[in-house]
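The structure under discussion appears below in the form of C-alpha cells.
The values are calculated or read from the model by the stated rules, or taken from the named source; none is laboratory data. Since we're looking at a predicted model, the values are computed, not measured. Every residue, glycine as well, gets a Cβ built from its backbone with ideal geometry; the counts of neighbours run over all protein chains shown. Areas reflect the complete protein model, heavy atoms only, side chains present, ligands, DNA and RNA absent. Shrake-Rupley method; radii C 1.70, N 1.55, O 1.52, S 1.80 Å.
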Amino acid sequence: MHDPHDSLESNPDNNPDSTNFSTPPDSSPEMSNWVDEAMANPVSPSTTANRVTLGGRISRLSPQQLTTLATVETAFLASTASLLWLIDYYFPTGPVLRVFFPLPIALVYLRWGARSAWMAALVSALLLSVLMGPTRGIFYTIPFGVMGVQLGALWRRGASWGWSILFGAMISAFGFFFRFWLLSLMMGEDLFSLVIAQITEFLQWLFLRFGWWQVPEVWMVQGFALASIVFNSFVYVFVVHIVSMVTLDRLKIAIPRPPKWVRVLLDYD
C-alpha cells in the first residue's frame, strides 16, 4: 500500500513544510550585469527614450533621471563653450581654440536633441553677456552657437560632410557680415569700406608685382573680398569637422565619416 508521506519525501516540491531556498542565478543583483541585461532585453524603439549610453555602458534611467542628466550636461557644455570664448578673448591663440567654439553645442544636440542645444546656446550667450557685455554674447551666438546647432542636427541625421560643410560655411559667412554690420552700427563708421580700401591696396601691389599697370576695378575688389570671406568660411568649417570627428570618436559618439580622400589624406579610419 502506497504511503503519501513517502511521496512527499521523494518530491519536496509537493511538501508544504519544505522551503526551496534556491534562486535562479540571474535573479541576484550581485550576479547580474549590464551585459546580460542588454542581451536579455534588447533595445527597442519604445524603450530607447529611457536608455542612455554612459562610458560605453547602456543604462536604464527613469524620465526624471533623464531630465536631470540632460539639464546637467546642457549647463556644463554651455559653460564650456563660454569658457573657450573667454580664454580665446583674453589669451588669443589664433585659430587653435576657435575651431572648438561650435563643438559643445553640437555635442548637446547629439546627446539630447534640438531643445537642449538651443538652450545651451542661449545659456552661453547669457553667460558671456553677463561677463563681457551683450555684444560678446551676440557675437558668440551668431555664428558659433547657430553653427553648433546646425552641425549637430545634420550629424544626427547622418548628412554627408558636403552638406554640413556647405551650410556651416553659409552660417560662418553670414556671421562675418553680421559682425561687421553690428560693429559699424555701434561705432558709427562703415568698417566694410575700410576693408575694401585695404583690399584695394593689396590688389594694386599685386598688379605691380606682375607688371599690370592698371587700377583694380570696384567689382574686382568686391569680388575678391567676397571670395576671400567664403573661402575662409569653408576652410574653417572643414577644420571644425576634422577636430570634431577626432574628439567625438574619443567620446564614442559617432558622426558621419569623411570622404575617402580625407581619410586617405589624414590616414584616419
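At-a-glance table
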| quantity | calculated |
| --- | --- |
| Some residue of the stretch 216-231 being part of a loop (DSSP other than H, G, I, E, B), under 28 Å from the mean Cα position of the chain (by Cα) and of a type outside the set (K, R) | no |
| Residue among V218, V237 that is out of contact with any Asp or Glu (no Cβ under 6 Å at 6 or more places or on another chain), β-branched (V, I, T) and open to solvent by 40 Å² or more (accessible area, probe 1.4 Å) | V218 |
| Helices (runs of 4 or more DSSP H) contained entirely in the stretch 60-166, each with at least 1 residues that are more than 24 Å from S184 (Cα to Cα) | 63-90, 95-98, 103-112, 114-132, 146-156 |
| Any hit, the stretch 222-241, residues being aromatic (F, W, Y), free of Cβ contacts under 8 Å to residues at least 40 places away in the same chain and more than 28 Å from F144 (Cβ to Cβ) | no |
| Residue satisfying all of: in the stretch 60-100; small (G, A, S) and closer than 24 Å to S129 by Cβ; modelled with the lowest pLDDT among these | A70 |
| Qualifying residue in the stretch 157-172 (condition: exposed (fewer than 14 other Cβ atoms within 10 Å of the Cβ) and among the β-branched types (V, I, T)) | no |
| Residue list for the stretch 128-153, restricted to those being of a type in the set (S, T, Y), touching a residue at least 12 places away in the same chain (Cβ under 8 Å) and open to solvent by 10 Å² or more (accessible area, probe 1.4 Å) | T135, T141 |
| Contacts under 6 angstrom Cβ, first residue in the stretch 75-100 being within 18 Å of V246 (Cα to Cα), partner open to solvent by less than 30 Å² (accessible area, probe 1.4 Å) and acidic (D, E), 6 or more apart | L97/D88 |
